[in-house]
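Contents: one structure, followed by commentary.
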Amino acid sequence: LPPLGPREARVRAAAEAVAVADPHAETVWTRDIDLLLAERDARARDAELVDLPTRIPASRFKDFVSDPAGVAARLRRPMPERPYRQTRLGTLFHGWVEARYGPAGTADVIDASGVELDQDPTEPPVEQEDLDRLRATFEASEWASRKPEEVEVEIHMELAGQVVICKIDAVFLIDGRYRVVDWKTGRTPKDAADLELKQLQLALYRLAFAKWRGIDPDLIDAEFYFVAEDRSLKPERLYSEEDLVALWSGARTPDASRAPSGETVG
């Protein structure tokens, strides 16, 4: 007996019909299938969008505009992170500089123990030698003898409907012009593209200070001071407010088909 019994002829005919059929030919179900697939794709896109934080630190602005997909992934599935040793060293150094410029002259608090500095005892301690080296380099730099106009001033600036937190390390008045300076304890940018991203932080600081003081941003200079290398670095160009707004808008709407209507990033 044939394996399919009396149904063999019908089965073979159906198989032949499938073999010669045009897979792209429209059927009575084509429109419904297209609508269902479009709905599925739309849901997948919406699932990728996440709400932005109410406030964004200026130091993270470059991440939002250079890697919006990566930021969205981290916001969607946040993971606890231990602070990097270099980050803790930078925090201690910034605290020392702030205290050094302060009226009470309390810079020696940085010599306190790890417990007093609120360090996690389970973390490897910041090497005192590294901190001392940064302090010694700073004391020998041009900035040690200058008197700042502002130290560790925090400005909340509205930009394209978003609040950007700008915590400026120091502002000096040099030759009649304000100069925003950001202390860096890490390495200098590895190339021009890296510097291009890092200057966004300076551009935001300059704009925030200009708005706060009611000054034309073009009358304000800004630069990094990389303490470990005793090197001041001033970008050739700082982005204007229009540049920053365009970058932010572009990051929020990477393409027209996915442009969100609210405060989202995807």
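A few remarks follow.
- Selection status of Ala99, more than 24 Å from Pro217 (Cβ to Cβ), of a type in the set (Gly, Ala, Ser), in contact with a Ser or Thr (Cβ under 7 Å, 6 or more places away or on another chain) and modelled with pLDDT under 95: yes
- Search result, residues across segment 118-136 that are surrounded by 15 or more Cβ atoms within 10 Å (Cβ to Cβ) and at pLDDT 95 or above: Leu134, Arg135
One line per residue, one yes/no per condition, for (1) at pLDDT below 75; (2) surrounded by 11 or more Cβ atoms within 10 Å (Cβ to Cβ); (3) in contact with a helix residue (DSSP H, G or I) (Cβ under 9 Å, 6 or more places away or on another chain); (4) not basic (Lys, Arg):
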{"residue": "Ala19", "(1), (2), (3), (4)": "no, no, no, yes"}
{"residue": "Val50", "(1), (2), (3), (4)": "yes, yes, yes, yes"}
{"residue": "Asp63", "(1), (2), (3), (4)": "no, yes, yes, yes"}
{"residue": "Ala72", "(1), (2), (3), (4)": "yes, yes, yes, yes"}
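For (1) buried (at least 18 other Cβ atoms within 10 Å of the Cβ); (2) assigned to a helix (DSSP H, G or I); (3) in the same structural domain as Glu241 (by TED's automatic domain parsing); (4) modelled with pLDDT of 95 or more, each residue gets a yes or a no:
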| position | (1), (2), (3), (4) |
| --- | --- |
| Phe138 | yes, yes, yes, yes |
| Trp143 | yes, yes, yes, yes |
| His156 | no, no, yes, yes |
| Val171 | yes, no, yes, yes |
| Arg179 | yes, no, yes, yes |
| Asp182 | yes, no, yes, yes |
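- Members of segment 190-210 found to be charged (D, E, K, R), assigned to a helix (DSSP H, G or I) and over 14 Å from Ser66 (Cβ atoms), listed by number: Arg206
- Looking only at segment 76-94, and only at residues there that are assigned to a helix (DSSP H, G or I) and loosely packed, with under 15 Cβ neighbours inside 10 Å, the one that is modelled with the highest pLDDT: Thr87
- Of residues in segment 188-210 being in contact with a helix residue (DSSP H, G or I) (Cβ under 7 Å, 6 or more places away or on another chain) and free of Cβ contacts under 8 Å to residues at least 60 places away in the same chain, the one surrounded by the most Cβ atoms within 10 Å (Cβ to Cβ): Arg206
- Any chance Val109 is within 23 Å of Tyr205 (Cβ to Cβ) and either in a helix (DSSP H, G or I) or at pLDDT below 80 (or both): no
The values are calculated or read from the model by the stated rules, or taken from the named source; none is laboratory data. In this text, all values refer to a predicted model and were calculated from it rather than measured experimentally. Backbone-built Cβ (ideal geometry, glycine too); neighbour counts: all protein chains shown.
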